[in-house]
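Working notes for the structure below.
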Amino acid sequence: MIKTILATVDAQMPQKQIIEQAGQILKQGGLVAFPTETVYGLGANGLDADACKKIYQAKGRPSDNPLILHIAKKQSLYEIVKQVPQKAEKLIDAFWPGPLTMIFQKKDCVPYEITGGFDTVAVRFPAHAVAQNVIEAAGVPIAAPSANVSGKPSPTRASHVLFDLNGKIDMILDGGSTQVGLESTIIDVSEQIPVLLRPGAVTKEMIEEVIGKIEIDPAILSQSDENCLPKAPGMKYTHYAPKANVILVQGQDLAAVQKRIKELVKEDLRLGKEVGILATDQTKSAYGDGIVLSLGNRENPQEMGANLFKHLRKFDFLGIEVVYSETVAETGEGMAIMNRLKKAAGYQIIQVV
């Protein structure tokens, strides 16, 4: 077992000594977890296949699930990809640094061990000061999936990382809670027509304002084929799931959805189960039984996205066995929220008419 170093770091002006220590660990092939504006990432030298194998081992992550390379300056992109299409340049100008990942044709320096065997690589330029400083200190692109046990809710604070990975990684940088709370948007720009592979804070609508119409991979909001090869993280496997059995309750009439959830909760409580409800500020008072957590204002999807993984983890802490969740409209950032909820629920959805 590794002795994991936990270091508190200023999120705006990271302490030089701590950053240099993290950079040295990465240079030596070690693993460092650090905050980004989306979720905490588990970093390794992205050009070192052996170092990146440690990520898969620590997380228990399937080897065909690709990693994202993180860079701290635009110039680094041209060192790891073969070409940057014009539409990608427009997206870079509009959204980098920020919560947008793009998939390009890779150069030979990028090992296949991090791409799931594909000739493409996912790249992101994070906006968080700690992330940028760590990447610069390491001097190489950093491969960094979410810093959690594979399949569990992504970590939005250092305590989540410590709970999942203490003793498995070398260092955790505690920079406080993350801002976005959902992983980055992923768009494939390696083909002629860009394809959205994972929704996030940079929405489909925002992207289309910059480059015009894009396609949406069907795996975003429906269960993917277990035999498919995932081109981006989060496409194939059940993700974001707490220990509890998550069930979504969906319908046009919110009052009818609430009525159905209350019936389901009452029956499960009668059976002696510990039950949770994922609601919003507008609906939380409708529920009298069970443990009710609010994602926030239903009219503020950014707030709801920031709270989602934190609340899924809280249900675990409270020993909840089953969680019933309301749903939101699959537009804007609501598409990202529903993508994560459907995967957390293993696509268990009760339709209320």
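The values are calculated or read from the model by the stated rules, or taken from the named source; none is laboratory data. Not measured: the values here are computed from a predicted model. Counting neighbours? That spans all protein chains shown, and the Cβs are built from the backbone with ideal geometry, glycine included. Please note that ligands, DNA and RNA were not included when accessible areas were found on the heavy atoms of the full protein model with its side chains. Shrake-Rupley method; radii C 1.70, N 1.55, O 1.52, S 1.80 Å.
Going through the range 196-214 one residue at a time, which ones are surrounded by fewer than 14 Cβ atoms within 10 Å (Cβ to Cβ) and either of a type in the set (Phe, Trp, Tyr) or more than 12 Å from residue 90 (Cβ to Cβ) (or both)?
Across the range 196-214, the qualifying residues are 205, 213.
Is there a residue in the range 207-227 that is at pLDDT 70 or above, out of contact with any Lys or Arg (no Cβ under 7 Å at 6 or more places or on another chain), within 21 Å of residue 126 (Cβ to Cβ) and outside any loop (DSSP other than H, G, I, E, B)?
Yes: one or more hits.
Restricting to the range 15-41, count the residues that are in contact (Cβ under 8 Å) with a residue 12 or more places away in the chain, polar (S, T, N, Q) and either in contact with a Lys or Arg (Cβ under 9 Å, 6 or more places away or on another chain) or part of a loop (DSSP other than H, G, I, E, B) (or both).
The number of residues fulfilling the criteria is 2.
Restricting to the range 69-102, name every residue that is under 24 Å from residue 113 (Cβ atoms), among the aliphatic types (A, V, I, L, M) and either free of Cβ contacts under 8 Å to residues at least 24 places away in the same chain or open to solvent by 10 Å² or more (accessible area, probe 1.4 Å) (or both).
Once the filter is applied, which keeps residues that are under 24 Å from residue 113 (Cβ atoms), among the aliphatic types (A, V, I, L, M) and either free of Cβ contacts under 8 Å to residues at least 24 places away in the same chain or open to solvent by 10 Å² or more (accessible area, probe 1.4 Å) (or both), the range 69-102 yields 72, 84.
Could you please find all residues in the range 129-155 being outside any helix (DSSP H, G or I) and either charged (D, E, K, R) or out of contact with any strand residue (DSSP E or B) (no Cβ under 7 Å at 6 or more places or on another chain) (or both)?
Matches in the range 129-155: 139, 148, 149, 150, 151, 152, 153.
Looking only at residues that are crowded, with 23+ Cβ neighbours inside 10 Å and among the hydrophobic types (A, V, I, L, M, F, W, C) in the range 29-51, which one is nearest to residue 186 (Cα to Cα)?
My answer is 39.
Just the residues that are within 25 Å of residue 82 (Cβ to Cβ), modelled with pLDDT of 95 or more and touching a Ser or Thr at 6+ places or on another chain (Cβ under 8 Å), please, taken from the range 184-199.
The answer is 184, 185, 186, 187, 188, 196, 198.
Could you go through the range 240-255 and let me know if any residue there is open to solvent by 30 Å² or more (accessible area, probe 1.4 Å) and among the hydrophobic types (A, V, I, L, M, F, W, C).
Scanning the range 240-255, I find at least one residue that is open to solvent by 30 Å² or more (accessible area, probe 1.4 Å) and among the hydrophobic types (A, V, I, L, M, F, W, C), so the answer is yes.
Does the range 121-131 include one or more residues that are of a type in the set (Val, Ile, Thr) and more than 28 Å from residue 1 (Cα to Cα)?
yes
Return yes or no: is residue 80 at pLDDT 95 or above and within 16 Å of residue 186 (Cα to Cα)?
It is false that residue 80 is at pLDDT 95 or above and within 16 Å of residue 186 (Cα to Cα).
Filter the range 115-162 for residues that are free of Cβ contacts under 8 Å to residues at least 60 places away in the same chain and over 18 Å from residue 52 (Cβ atoms) and give the result.
Hits for the range 115-162 are 125, 159.
With respect to the numbered conditions (1) in a loop (DSSP other than H, G, I, E, B); (2) of a type in the set (S, T, N, Q); (3) without any contact (Cβ under 8 Å) to a residue 40 or more places away in the chain, which one is the sole condition not fulfilled by residue 178?
It is condition (3) that residue 178 fails.
Would you please name the residue that is most open to solvent (accessible area, probe 1.4 Å), looking only at residues in the range 123-141 that are over 15 Å from residue 81 (Cβ atoms) and not hydrophobic (A, V, I, L, M, F, W, C)?
136
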